[in-house]
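Values quoted throughout were computed directly from the atomic coordinates according to the rules given, and no laboratory measurement underlies them. Values in this document were obtained by computation on a predicted structure and should not be read as measured data. Here the Cβ is made from the backbone with ideal geometry for all residues, glycine too, and neighbour counts use every protein chain on show.
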Amino acid sequence: MLRRARARLKQGGVLAYSTESCFGLGCDPLDVRALRRVIAIKGRPNHKGLIVIAADIEQLRELIQPLSPQQRAELARYWPGHYTFLLPASNRVPALLRGRHDRLAVRVTAHGEAAALCRALGRPLVSTSANRAGQVSLKTARDCRRRFGDSVLTLPGRIGRRPKPSTIIDFASGRVLR
């Protein structure tokens, strides 16, 4: 299955995989074709931006501006975990990924399967709930296969026990946005 996931990502494809509270839709965060596919599948407005998850902070290095030792220490208090932080995006980040913002929503996930997937693929992944915008998030691989068919490669897995999506925090101000 991992070989198929790698091949799908190289082709600009989309994966459905288990996360902390639901199945997520993901792709290579630097592949504009894939980002367009995720946005189209969700029916999501382009200006909103997407979240990126990683197995560790090093996987986020090319997506965010360099962090000071103090900033890294502060983030280490929350990661891995269910906290998503808005951090200044690097110049490499496509506009579709960050939306109308100059910051990028990133998280080092505590969900074992999602972290293992990022490690095995050697990259972070876009992570947005597996659903059409405004609809209920899908909770099983079976539901994802039924909903998305062959347009998405659905990976087996079990969601975590979090009842709600991750908390989103503006790192600069500390303001909780969700």
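Key figures
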quantity: Relative contact order (percent, whole number), the range 90-171, Cα cutoff 8 Å, 6+ residue spacing; calculated: 19 percent
quantity: Placed amide H near THR84: partners under 5 Å, 5+ positions off or other chain; calculated: THR167, ILE168, ILE169
quantity: Calculated [θ] (222 nm, deg cm²/dmol) that DSSP helices of n ≥ 4 give over the chain, each run adding -39,500 (n - 2.57); calculated: -7500 deg cm²/dmol
quantity: Percent of beta bridges antiparallel (DSSP, the chain, rounded to nearest 5); calculated: 60 percent
quantity: Net charge of neighbours whose Cβ lies under 15 Å from the Cβ of LYS164, counting Lys and Arg as +1 and Asp and Glu as -1; calculated: +4
quantity: Cβ-defined net charge surrounding THR128, 10 Å radius [Lys, Arg +1; Asp, Glu -1]; calculated: +3
quantity: Cβ-based net charge around GLY12, under 9 Å, with every Lys or Arg adding one and every Asp or Glu removing one; calculated: +3
quantity: Amide H contacts under 5 Å for SER127, placed H, 5+ residues apart; calculated: ILE51, VAL52, ILE53
quantity: Simple Cβ-charge dipole of the chain, Lys/Arg +1 and Asp/Glu -1, about Cα centre, in debye nearest 20; calculated: 620 debye
quantity: Most to least packed among 158-166, 97-105 [average Cβ atoms within 10 Å]; calculated: 97-105, 158-166
quantity: Between the range 142-178 and the range 28-71, the alpha-carbon center distance in angstrom; calculated: 13 Å
